[in-house]
Amino acid sequence: MTRKSGKESPFEPGCVPTSGGSLDWRDARHYDRWLMRPCALCEQPTPLRSHSGEPAHKVCAENWISGNPTEARLGRFASDVQPKRRRDDTHA
């Protein structure tokens, strides 16, 4: 029988929003319902996690992106990968 490790591997990040833009963190893996940890940016407790598992409030991450636009391009905080839209070609 295989045991799950306590730590899941990080999941794939999507695009980094532009300065002043909003992160899309809809994926449930951003939320840890069992453990509040200090935000890496403001040190207040948060259940939210970045794609790499770093604890961070979404607003703190968005503010960090705005204040560090050059570093933000490296992808410390990013939105979720968006599913490709299906074209509905059934209309006339």
* Normalised alpha carbon radius of gyration of segment 11-81 [divisor 2.2 N^0.38 Å] -> 1.00
* Projected label distance in nm at Cys15 and Tyr31, using a 7 Å step from Cα toward the beta-carbon -> 2.5 nm
* What distance in nm separates the simple spin-label points at Gln44 and Arg73, each placed 7 Å from Cα in the Cβ direction? -> 3.2 nm
* Asked: Lys58 versus Ser22, label points 7 Å from Cα toward the beta carbon: distance in nm?
  -> 0.7 nm
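Every read-out reported here was derived from the displayed coordinates using simple, explicitly stated rules and does not represent laboratory data. Fair warning: this is a prediction, and the values are worked out from it, not measured in the lab. Backbone-built Cβ (ideal geometry, glycine too); neighbour counts: all protein chains shown.
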